[in-house]
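The values are calculated or read from the model by the stated rules, or taken from the named source; none is laboratory data. Please read these numbers as outputs of a predicted model, since none were measured by experiment. We place every Cβ from the backbone using ideal geometry, glycine too, and count neighbours over all the protein chains shown. In case anyone asks, the SASA skips ligands and DNA or RNA and just uses the protein heavy atoms, side chains included. Shrake-Rupley method; radii C 1.70, N 1.55, O 1.52, S 1.80 Å.
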Amino acid sequence: MHMTDAELALVVAGLLAGEAQERLLRYAQDGAVHHIDEAGVNEYVREVTGDHFTAEDFRTLRGTVVAAETLARIGASTTQRARHDAEVQAAKAASDALQNTPAVARASIAPRVFAAYAEGRLLDPTISPDSALRRLVRE
């Protein structure tokens, strides 16, 4: 991870280097400090969505949106090679957003985005990303 705010970078580095009980993610409530872990985050997500979603679903959504936006910026491809190159660029953009490898990011992109792209359908930039993505993957 790269941080441009030197003061914030020092604080985060100190937290990351701290004792095991001094966790980076925590909050204070009713005079007590509560640590946040993956299970707690996923429990909260399930509670507020009323379904069996996890934090990973939000990463998948983010990767999917970034890939669809990238493909829309590139535009429709007329050859199989151009389509492949565009999909590689979309996976790279998603990997940058998700901070992992393009191969891992590609697995986090809904396959319907690439299927729509192969059919020449692109994300509509004139509407909200959420609405545009729903429209793109439902057609």
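Can you find a residue that is in contact with a helix residue (DSSP H, G or I) (Cβ under 8 Å, 6 or more places away or on another chain) and crowded, with 16+ Cβ neighbours inside 10 Å anywhere in the stretch 75-84?
Yes, the conditions are met somewhere in the stretch 75-84.
Tell me, which residue of the stretch 89-126 that is in contact with a Leu (Cβ under 8 Å, 6 or more places away or on another chain) and not in a helix (DSSP H, G or I) is surrounded by the fewest Cβ atoms within 10 Å (Cβ to Cβ)?
Here the answer is Asp124.
How many residues does the stretch 41-71 hold that are of a type outside the set (Lys, Arg), over 15 Å from the mean Cα position of the chain (by Cα) and open to solvent by 30 Å² or more (accessible area, probe 1.4 Å)?
9
Given the conditions (1) at pLDDT 90 or above; (2) within 16 Å of Arg62 (Cα to Cα); (3) of a type in the set (Gly, Ala, Ser), report the number of the one that Ser128 does not fulfil.
All conditions are met except number (1).
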